[in-house]
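All remarks here apply to the structure that follows.
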Amino acid sequence: MADRVTVIGWDGSPLTAAARSALSAATLVAGAAHHLALPEVPPTAERIRLGSVDLAARRIAGHRGTAVVLADGDPGFFGVVRTLRAPEHGLEVEVVPAVSSVAAAFARAGMPWDDARIVVAHQRTLRRAVNVCRAHPKVAVLTSPGAGPAELALLLEGVHRTFVICEELGTDREQVTVLTSDKAADHVWRDPNVVIVIGGTAGAPPGGWLMGQETPSVRGWALPPDEPAAARGGSGEDHTLRAAQLARLGPRVGDLVWDIGCGGGALAVEAARFGAAVIAVDADPQACARTEAASRRHGVQLQAVRGRAPHVLERLPEPDVVRIGGGGVPVVTACTDRRPERIVTHASTRDEAEAIGAALADGGYDVECALLQSVGLDPSDWSERERTVVFLLSGRRIDRAP
């Protein structure tokens, strides 16, 4: 095992005395090509081009001598320190930090960033990173080849955002470009880059006490009917049913939720309050307008799409979870074809519930059904105000081995 492992962050500024001292004693240096070209790297040291950090960590673990790993920005912030310190490698590291590329990007843009969400986009997580950009008004995206500004822009089609693209921060080739997201796909961008994605009309900043989080303006979830976002629109808008639907959907940050037949927008707004990206669909333009108004009142972002399911669903991006407020078996089948993790809907009669359950099962989903009865009482005299009886159906995708 290496006698000593030092991880040095580099932000383009001259290396500190501690970093130069560690490099001068190094017998192995790992880093990207521009790191290995630094004049402070000893000419006699073994050099490892840093592609896979896991492979480099195994080489370092087997090295007899003093190792240095060079990384851009702060190596402890979405960086190599976590991998090097993983139990399977057994490495103890010392860190010489630098300014993170995210901090540098926001400094170049002259913007605060304690209210920003920060995500890493590579080819496996690009879609989830885009969903965060849909759902939140300020997001910093640490990109990678194949998951850069152009790819972000293409997947954000139909959602207006402003991009602040910071290329090669800390180098002589540093460049900061501000443009709208619909223009970003027309350019070729240099790696590495950080993209600040700005847009939407969500609520006020969190007040400087919790980074990257928006505090909901109303406490709780499954908002009762007297809340503006929970305007009643039939059994599908009942807040007790909505609580059960949300519990089965489990919307979370990075998800894309389809709310088909959004009605007054109650469930769409609730899902957005959990941090998910939401596309609310309805054939009624007034329903879309009510949903957008509810999102503004509650300081969340969502996209309302006017159209009739199932046909309108063909042009929507892939969902993670789906709530179906109406449309029956044809809409359920169209959703199972897109393979979201979970689908939740409801039915008014047993025959309708059986047909929907069969469609979910035929589409490759485990089906759960419950008969929910909600009785609203007037606490002044405990008399019955209203009664709702509905079948709740939920499907959980069965992931079969190939």
Consider region 274-289. How many of its residues are in contact with an Asp or Glu (Cβ under 9 Å, 6 or more places away or on another chain) and either surrounded by fewer than 24 Cβ atoms within 10 Å (Cβ to Cβ) or not charged (D, E, K, R) (or both)?
9
So which pairs qualify, if the first residue must be in region 164-191 and on the phi < 0 side of the Ramachandran plot, the second must be assigned to a loop (DSSP other than H, G, I, E, B) and not basic (Lys, Arg), the Cβ gap must be under 6 Å, and the two must be at least 6 apart or on different chains?
Thr171/Gly12; Glu174/Glu168; Ser181/Leu156; Trp189/Gly148; Arg190/Glu168; Asp191/Pro145
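Okay, residues lined up against (1) closer than 20 Å to His35 by Cα; (2) in contact (Cβ under 8 Å) with a residue 12 or more places away in the chain; (3) open to solvent by less than 70 Å² (accessible area, probe 1.4 Å); (4) among the polar types (S, T, N, Q):
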site: Ala45; (1), (2), (3), (4): yes, yes, yes, no
site: Arg49; (1), (2), (3), (4): yes, yes, no, no
site: Ala61; (1), (2), (3), (4): no, yes, yes, no
site: Thr66; (1), (2), (3), (4): yes, yes, yes, yes
site: Asp74; (1), (2), (3), (4): yes, yes, yes, no
site: Phe77; (1), (2), (3), (4): yes, yes, yes, no
site: Glu88; (1), (2), (3), (4): no, no, no, no
site: Leu91; (1), (2), (3), (4): no, yes, yes, no
Could you grab the pairs with beta carbons closer than 9 Å, sequence gap of 6+ or different chains, first residue in region 324-335 and over 18 Å from Gly263 (Cα atoms), second one open to solvent by less than 40 Å² (accessible area, probe 1.4 Å) and β-branched (Val, Ile, Thr)?
Val329/Ile356; Cys335/Ile260; Cys335/Val322; Cys335/Ile324; Cys335/Ile343; Cys335/Thr345
Quick check on Thr349: is it of a type in the set (Ser, Thr, Tyr) and more than 26 Å from the chain's Cα centre (by Cα)?
yes
Name every residue in region 303-328 that is open to solvent by 70 Å² or more (accessible area, probe 1.4 Å) and of a type in the set (Asp, Glu), in order of residue number.
Glu314, Glu318
Out of (1) open to solvent by 20 Å² or more (accessible area, probe 1.4 Å); (2) of a type outside the set (D, E, K, R); (3) without any contact (Cβ under 8 Å) to a residue 60 or more places away in the chain; (4) assigned to a loop (DSSP other than H, G, I, E, B), the odd one out for Ala26 is which?
(1)
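Just a yes or no: is a residue in region 341-360 acidic (Asp, Glu), in contact with an Asp or Glu (Cβ under 7 Å, 6 or more places away or on another chain) and under 28 Å from Val159 (Cα atoms)? Talk me through it step by step, then tell me what you get.
In the first step, residues of region 341-360 are kept if they are acidic (Asp, Glu); the result is 341, 351-352, 354.
Within this subset, residues satisfying the condition of being in contact with an Asp or Glu (Cβ under 7 Å, 6 or more places away or on another chain) are 341.
Restricting the remaining residues to those that are under 28 Å from Val159 (Cα atoms) gives 341.
Yes.
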Every residue in region 93-110 that is of a type in the set (A, V, I, L, M, F, W, C) and either farther than 16 Å from Pro192 by Cα or touching a residue at least 60 places away in the same chain (Cβ under 8 Å) (or both), please.
Val93, Val95, Val96, Ala98, Val99, Val102, Ala104, Ala105, Phe106, Ala107, Ala109
When region 30-53 is examined, which residues are found to be part of a strand (DSSP E or B) and either touching a His at 6+ places or on another chain (Cβ under 8 Å) or farther than 17 Å from Arg64 by Cα (or both)?
Gly31, Glu46, Arg49
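Quick check on this structure: which one of Arg387, Arg400, Arg396 is in contact with a strand residue (DSSP E or B) (Cβ under 6 Å, 6 or more places away or on another chain) and more than 21 Å from Val329 (Cβ to Cβ)?
Numbers: Arg400 fails: in contact with a strand residue (DSSP E or B) (Cβ under 6 Å, 6 or more places away or on another chain); Arg396 fails: more than 21 Å from Val329 (Cβ to Cβ).
Just a single option satisfies the conditions, and that option is Arg387.
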How about region 334-360: which of its residues are assigned to a helix (DSSP H, G or I), among the hydrophobic types (A, V, I, L, M, F, W, C) and in contact with a Phe, Trp or Tyr (Cβ under 7 Å, 6 or more places away or on another chain)?
Ala353
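Is it fair to say Arg306 is farther than 22 Å from Leu241 by Cα and in contact (Cβ under 8 Å) with a residue 60 or more places away in the chain? Give the steps one after another, and end with the answer.
Working: farther than 22 Å from Leu241 by Cα: yes; in contact (Cβ under 8 Å) with a residue 60 or more places away in the chain: no.
So Arg306 does not fit the description; no.
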Would region 146-168 turn up any residue that is within 17 Å of Phe77 (Cα to Cα), out of contact with any Cys (no Cβ under 7 Å at 6 or more places or on another chain) and not polar (S, T, N, Q)?
no
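Condition first: open to solvent by 20 Å² or more (accessible area, probe 1.4 Å) and either assigned to a loop (DSSP other than H, G, I, E, B) or in contact with a helix residue (DSSP H, G or I) (Cβ under 6 Å, 6 or more places away or on another chain) (or both). Can you find one or more residues in region 100-108 that meet it?
Step one: filter region 100-108 for residues open to solvent by 20 Å² or more (accessible area, probe 1.4 Å), giving 101, 103, 107-108.
Applying the additional criterion that residues be either assigned to a loop (DSSP other than H, G, I, E, B) or in contact with a helix residue (DSSP H, G or I) (Cβ under 6 Å, 6 or more places away or on another chain) (or both) yields none.
No, region 100-108 contains no residue that is open to solvent by 20 Å² or more (accessible area, probe 1.4 Å) and either assigned to a loop (DSSP other than H, G, I, E, B) or in contact with a helix residue (DSSP H, G or I) (Cβ under 6 Å, 6 or more places away or on another chain) (or both).
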From the list Val300, Val331, which one is in a loop (DSSP other than H, G, I, E, B), open to solvent by less than 50 Å² (accessible area, probe 1.4 Å) and in contact with a Gly (Cβ under 9 Å, 6 or more places away or on another chain)?
Val300
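Please work out which residue is modelled with the lowest pLDDT, limiting yourself to region 339-391 and to residues that are of a type in the set (Val, Ile, Thr) and surrounded by fewer than 15 Cβ atoms within 10 Å (Cβ to Cβ).
The first filter runs over region 339-391 and keeps only residues of a type in the set (Val, Ile, Thr), leaving 343-345, 349, 356, 367, 375, 388-390.
Going one step further and asking which of them are surrounded by fewer than 15 Cβ atoms within 10 Å (Cβ to Cβ), we end up with 349, 375, 389.
On the way: Thr349: 95, Val375: 90, Val389: 93.
Among those that are of a type in the set (Val, Ile, Thr) and surrounded by fewer than 15 Cβ atoms within 10 Å (Cβ to Cβ), it is Val375.
The values are calculated or read from the model by the stated rules, or taken from the named source; none is laboratory data. Everything numeric here is computed off the predicted structure, so don't read it as measured data. Heads up, the Cβs are rebuilt from the backbone with ideal geometry, glycines too, and the neighbour counts pull from every protein chain shown. Please note that ligands, DNA and RNA were not included when accessible areas were found on the heavy atoms of the full protein model with its side chains. Shrake-Rupley method; radii C 1.70, N 1.55, O 1.52, S 1.80 Å.
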